Structures are given as structure tokens and as C-alpha cells.
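Q: Before we start, here is the structure in question, set down as C-alpha cells.
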Amino acid sequence: MTAHPALAWLDDTAAARRAAGLHRDPVVRTPGTTVVDLASNDYLGLTRHPEVLAGATAALRRWGAGATGSRLVTGTTAEHELLERELADFVGADSGLVFSSGYAANLGAVAALGGKDALIVSDAGGHASLVDACRLSRSRIVVTPHNDVDAVAHALATRTEARALVLTDSVFSTDGDLAPLRELHRVCRAHGALLLVDEAHGVGVRGAGGRGLVHEVGLAGEPDVVVTATLSKSLASQGGAVLADGRVREHLVDTARTFIFDTGLAPAAVGAARGALKVLRAEPARAAAVLEQAARLARLTGVEAPPSAVVSVILGDPRVAADAAARCRDRGVHVGCFRPPSVPAGTSRLRLTARANLTDDERALVDEVLTDVLAGARA
């Protein structure tokens, strides 16, 4: 490539990333490739389920390939409204609003519920979408240490703003640990704050039949709890949703920029999510199977069993982690590799995600490959 003065800084930063072991290349999947997938978020193994594919196909034929416009113009189909009602009913919320992605749901909800007269208190371990949402909110932001309820209480008690919003993941995506939701809600209620919980990694895995951690701890339907979720993990599709009191939904329809100005979720994705939700209702044991598979992976890799689908195997050096992931992939097992900025420096890791429908043959290959690769990486 010909050098250009305006792009010289890109060459310098790219060289620095490579030297630090932080360069990334997308992993290209091709048809017919046979690998055991421990990297995706298809926790329930529904991406190719006949009910999910049928839902996507039926919606595609009925409504066409695209939503054709924003949700407030032409992008809302009857399929969208059915999914919103079904999702809300499943998790025990008053109402639902579907967005084009989980990222967009968080950006839209936090920015619309924040503002210059609001304080936002955000967990240091929160997902990047919540971090970016804070930046867009125009609120004063206090980032508290991970799962530190006392720090949240102090921030709320000493605020000068009229309103406050507390943000947390239910299941944190890199370590797989759980938020202390009951304690956070107690503090929020004492100080008149809203609690927003990102259930991206909770729905489908935690709670009765996969209804999420908010439902599990008895907070479903509380008017001061806002749940955001993604359709791209346990529900095997794409898109996001906000599940909350009807007044919150009405406010987001009028003010959430990622709802107002973004094209609606493609009908096929809506139909696929409805199909996945139907399977989950009919087969609630899939949620427990995910946790069983995660515990098995934890025993195999010598780490503590997680309360979620995420098994985090910390190797420290980003080069070691990237090499271990590549060697697993070469032997037919695809695992995630998390390096800074996804995780703190010195904690680069393999991130394994459990899947409910792993076969005996797949488990045997995983056992062999992970045992060999991790022995070398840890040496």
C-alpha cells in the first residue's frame, strides 16, 4: 500500500498493536467447516434448530428481506409486536420494545433515561455498550468497583442530581460472574434510583427455564427495574430488546435515538427469535444443560465452575492466549480469545462458552484438545 501522510499514524498504531500481541483478524467461517464451537454465544444450540429456521423463513416470505424503514415509519410489523409481547411475558416484564441489536438497545435506553439532570452509576465490569451509552447520555458518570454495592450506595446518597440510574450486567461477559441484583435493587429503591440490568448473558441460562437472573432473584416486573437483552445469544437470532414498565417503553418510543433513527430489525431475525423462544418454553431443561456443560468445561480446564455459560481460562500474556486459541482451532475446537481492551492487561484468556447440545463425540475432542493445548500454554 502506498504511504500517505494522513494515514501514517495508522501504520504506527498497527505496528504497536502487533508488537503487543493485540492484532486481530476475523475468523472466517465457511460452509461445511466442522469445528466444535466453544466460542459463540449460541448457548442453547438453537441457531440451526428447525423451529428457529422455520420462524425465520416464514417471516422472510411474509414480510420480505428488510424492515424497509425505521420502527416509527414502516419498520414495525405485526411480527415485531408479537415478539415484544412474548419476550415481556417470558421474563415477567410489563412491556417490551425491540431494537436492531442489543448494543442499540443499551445505547437507546441509557441515553433516553439519563440526561443532564441525572446521575449514572456504572459497574467497572460493564459491557462496552453500557460504557458507550454512558458517554452518550450527557449525565455525570460515576464508575464503581466491580460488584461494590457500598460504592453504589455512596454515589447515590451523595448525588446532587434529581434522578439516578444504576447500570449493571446480570452475568458479566468476560468472567461469567453474577451481579448482586437484590442488594443493588435495595440500594436503588432506598435512594429513588432506577436499576438497569443487561441480561444479554442471563436470558436462556439463569432463572426458571432461562427467564434470566432478574426473574430468578424475584425482581421481574418491578417498576424501577429496566431489563435490556439481546436476541443474538440464547435466542439464536439478532437484535435487542428493552423489557420494562409500560411508561418506560412509551418514553423510549418517543426519545430513544437508536429506536427512532435506526432501521427496524429484519423480519427474518424477528421470526427466528420467536421460534427460539418457543423452543425454550417447550424445552426449559436446555437452560440447566448449559450450566452442566459449563461446570464440565471448568473441571477440564482447572478453573472454578461458573454460575453462567462463560468459562474463563486466564493465561496472562496476550501472545500465549492467541497462540493457544489458534492451536485449538487448528485441531478442530474453536474457542474465544479475549485480550485488552476486552479484559484488563495481564489477564488475557481463553473464553469458553458452554453449549447445551454438545454431543459425546464433540466432548471427547474438546477433552483431548484442551488438555494438550493448555498443558503447553501453562508451561
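The values are calculated or read from the model by the stated rules, or taken from the named source; none is laboratory data. All figures in this text were calculated on a predicted structure; none of them were measured in a lab. Please note: Cβ atoms are built from the backbone with ideal geometry, for glycine as well, and neighbour counts cover all protein chains shown. Quick note on the areas: whole protein, heavy atoms, side chains included, nothing else; ligands and nucleic acids left out. Shrake-Rupley method; radii C 1.70, N 1.55, O 1.52, S 1.80 Å.
Q: What are the ³J(HN,Hα) values, in whole Hz, obtained from phi via the Karplus relation 6.51 cos²θ - 1.76 cosθ + 1.60 with θ = phi - 60°, for each residue of segment 86-101 in sequence order, with x given for Gly and Pro?
A: Using θ = phi - 60°, the values come out as 5, 5, 4, 4, 5, 8, x, 9, 6, 7, x, 9, 8, 10, 6, 7 Hz.
Q: Roughly speaking, what is the stretch gain from ASP117 to GLU161, that is 0.36 nm per residue apart minus the C-alpha to C-alpha distance, in nm to one decimal?
A: That pair, ASP117 and GLU161, stretches by 15.3 nm at full extension.
Q: Quick one, can you get me the convex hull of the C-alpha atoms of the chain expressed as volume per residue in Å³?
A: 164
Q: Could you state the orientation-averaged shadow area of the convex hull built on the Cα atoms of segment 16-140, in nm² to one decimal?
A: 12.6
Q: Quick one, can you get me the convex hull of the C-alpha atoms of segment 250-302 expressed as volume per residue in Å³?
A: Spread over its residues, the Cα hull of segment 250-302 gives 167 Å³ apiece.
Q: Considering only protein heavy atoms and a probe of 1.4 Å, how much of the accessible area of segment 66-211 is carbon and sulfur, as a whole percent?
A: Of all accessible area on segment 66-211, carbon and sulfur atoms account for 53 percent.
Q: Modelling each spin label as a point 7 Å along the Cα-to-Cβ direction, I'd like the ALA208/ALA128 distance in nm, to one decimal.
A: Distance between label points: 3.7 nm.
Q: Further question: Which residue, ALA93, ALA54, ALA112, tops the fluctuation ranking in a GNM of the chain built on C-alpha contacts under 10 Å?
A: ALA54
Q: Report the relative contact order of segment 247-379, percent, no decimals, based on alpha-carbon pairs under 8 angstrom and at least 6 residues apart.
A: Here the relative contact order equals 23 percent.
Q: Pick from THR30, THR359, THR301: which is most flexible by mean-square fluctuation in a GNM of the chain where alpha carbon atoms under 10 Å apart are linked?
A: Highest fluctuation among the options: THR30.
Q: Using a basic spin-label model with each label point 7 Å from the Cα along Cα→Cβ, how many nm lie between THR13 and ARG62?
A: Simple spin-label model gives 4.5 nm for this pair.
Q: Also, quick follow-up: In whole Å, what are the Cα extents of segment 133-190 along the three principal axes, biggest one first?
A: Projected onto the principal axes, the Cα atoms of segment 133-190 cover 33, 27, 16 Å.
Q: Another question, then. With contacts defined as alpha carbon pairs under 8 Å and 6 or more residues apart, what's the relative contact order of segment 84-178 in percent?
A: After rounding, I find 28 percent.
Q: With +1 on the Cβ of every Lys and Arg and -1 on the Cβ of every Asp and Glu, and nothing else charged, how large is the dipole of segment 80-223 about its Cα centre, in debye rounded to the nearest 20?
A: Using only the charged Cβ atoms, the result is roughly 480 debye.
Q: What is the antiparallel percent of DSSP beta bridges lying wholly in the chain, to the nearest 5?
A: Roughly 50 percent of the DSSP beta bridges within the chain come out antiparallel.
Q: Output the antiparallel fraction of DSSP beta bridges having both residues in segment 170-290, as a percent to the nearest 5.
A: About 55 percent, rounded to the nearest 5.
Q: Using only the Cα atoms of segment 315-379, what are the Rg and Dmax in Å?
A: That works out to 12.1, 36 Å for Rg and Dmax.
Q: Report the label-to-label distance for ASP361 and ALA78 in nanometres (one decimal), using points 7 Å from each Cα along the Cα→Cβ vector.
A: With each label placed 7 Å out from Cα toward Cβ, I get 4.3 nm.
Q: Going by Cα centres, segment 183-257 and segment 350-379 are how many Å apart?
A: 33
Q: What is the Cα coordinate range of segment 1-65 on the first, second and third principal axes, sorted by size from largest, in whole angstrom?
A: So the three principal-axis extents are 52, 31, 20 Å.
Q: Here is a further query. In the neighborhood of ASP367, defined by Cβ-to-Cβ distances under 13 Å, what is the net charge if each Lys or Arg adds +1 and each Asp or Glu adds -1?
A: -1
Q: Mean-square fluctuation check for the chain, GNM, Cα pairs under 10 Å: which of ALA200, ALA109, ALA151 is largest?
A: ALA151
Q: Hey, with R₀ at 45 Å, roughly what FRET efficiency would ALA305 and ALA54 work out to, going by the Cβ-Cβ distance, to 0.05?
A: After rounding, the FRET efficiency stands at 0.80.
Q: Using the per-residue mean of other Cβ atoms lying within 10 Å as a proxy for protection, in what order, highest first, do the peptides 338-344, 95-101, 310-316, 138-144 fall?
A: Descending mean neighbour count gives 95-101, 310-316, 138-144, 338-344.
Q: Can you work out the Karplus-derived ³J(HN,Hα) for every residue in segment 73-85? Use 6.51 cos²θ - 1.76 cosθ + 1.60 with θ = phi - 60°, whole Hz, and x for glycine or proline.
A: For segment 73-85, the Karplus curve yields 10, 10, x, 9, 9, 4, 5, 4, 5, 5, 4, 4, 5 Hz.
Q: Also: In vacuum, with every alpha carbon of segment 264-379 counted as one equal point scatterer, what does the Debye formula give for log10 I(q)/I(0) at q = 0.11, 0.12, 0.17, 0.20 Å⁻¹? Two decimals, please.
A: -0.44, -0.52, -0.88, -1.05
Q: If you average 1/r across every pair of different Cα atoms in segment 121-163 and take the reciprocal, what Kirkwood value do you get, in Å?
A: The answer is 10.9 Å.
Q: For the chain, calculate the relative contact order in percent as a whole number, restricting contacts to Cα pairs under 8 Å that are 6 or more residues apart.
A: 23 percent.
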